[in-house]
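Worksheet: the structure to be examined is printed underneath.
The values are calculated or read from the model by the stated rules, or taken from the named source; none is laboratory data. Keep in mind it's a predicted model, so treat the numbers as computed, not measured. We place every Cβ from the backbone using ideal geometry, glycine too, and count neighbours over all the protein chains shown. The accessibility values were calculated without ligands, DNA or RNA, using every heavy atom of the protein model including side chains. Shrake-Rupley method; radii C 1.70, N 1.55, O 1.52, S 1.80 Å.
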Amino acid sequence: MKSHRKVLTLNTPHRMEFVNITQDVAAAVRESGIREGLVLVNAMHITASVFINDDESGLHQDYKDWLEQLAPFDPSPTRYRHNRTGEDNGDAHHKRQIMGREVVVAVTDGKLDFGPWEQIFYGEFDGRRPKRILIKIIGE
């Protein structure tokens, strides 16, 4: 069995943003030379997410609105106890928990083996600084 590791670094200009990283992951699969296996894509920060869904702007805005209703941005120490530590990103931790830490996708014949419309996204909830995404591919 072989493995291949790649790290992407993103710096989003907005506090909350979704970035389609499907082509980056597909490129890493090609670089790996692995034809059959699995790829894990992991947000390496506790205020970011990786998820799979449709690349449709209305859906993405719906997610942002929904997440903001569930865990509204509030930098004060009143709403989120976490902010009492000097941080201002208590909401971002909650948003990450909802959207998930990572995804695993099958690799078949050297390509990502998706269902219709599936794409891989990086979700940022406390942006404006460099963040890392781990791509780990294992297989033959």
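Numerical summary
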quantity	calculated
Note, ³J(HN,Hα) from phi for the stretch 64-77, Karplus 6.51, -1.76, 1.60, rounded to Hz, x at Gly and Pro	4, 4, 5, 4, 5, 6, 6, 9, x, 5, 7, x, 6, x
Structure-derived semi-axes √(5λ) of the Cα gyration tensor in Å - corresponding label in [x] 21, 18, 16; [y] 31, 16, 11; [z] 60, 16, 9	[y]
Karplus (6.51, -1.76, 1.60) ³J(HN,Hα), θ = phi - 60°, over the stretch 116-122, in Hz, Gly and Pro reported as x	x, 6, 5, 9, 9, 10, 9
Hypothetical label at residue 129: residues of the stretch 78-118 whose amide nitrogen lies under 16 Å (7 Å Cα-Cβ projection)	83-93
Phi-based couplings in Hz for the stretch 36-46 (Karplus 6.51, -1.76, 1.60; Gly and Pro marked x)	9, x, 9, 10, 9, 10, 10, 6, 8, 9, 7
For the chain: relative contact order, % (alpha-carbon pairs under 8 angstrom, 6 or more apart)	53 percent
Amide H contacts under 5 Å for residue 74, placed H, 5+ residues apart	91
Crossing angle, helix 22-32 versus the chain [Cα axis fit, 0-90 degrees, rounded to tens]	40 degrees
On Cα atoms only, tilt of 90-99 relative to the major axis of the chain in degrees	30 degrees
Expected 222 nm ellipticity per residue - DSSP helices of 4 or more, -39500 (n - 2.57), all of the chain, to 500	-7500 deg cm²/dmol
Prolate/oblate/rounded call for the stretch 38-84, Cα gyration tensor, a/c under 1.5 rounded	oblate
Stretchable slack from residue 15 to residue 138, in nm (0.36 nm times residue separation minus alpha-carbon distance)	41.0 nm
Largest to smallest accessible area among 1, 16 [probe 1.4 Å]	1, 16
Solvent accessible area, Å² - residue 70, 1.4 Å probe, full protein context	90 Å²
Estimated inter-spin distance, residue 36 and residue 1, nm [label 7 Å along Cα→Cβ]	1.4 nm
Assigned charges on the beta-carbon of Lys, Arg, Asp, Glu; the chain dipole about Cα centre (debye)	720 debye
Long-range lysine pairs (8 or more apart or interchain), the chain, Cα under 21 Å	9
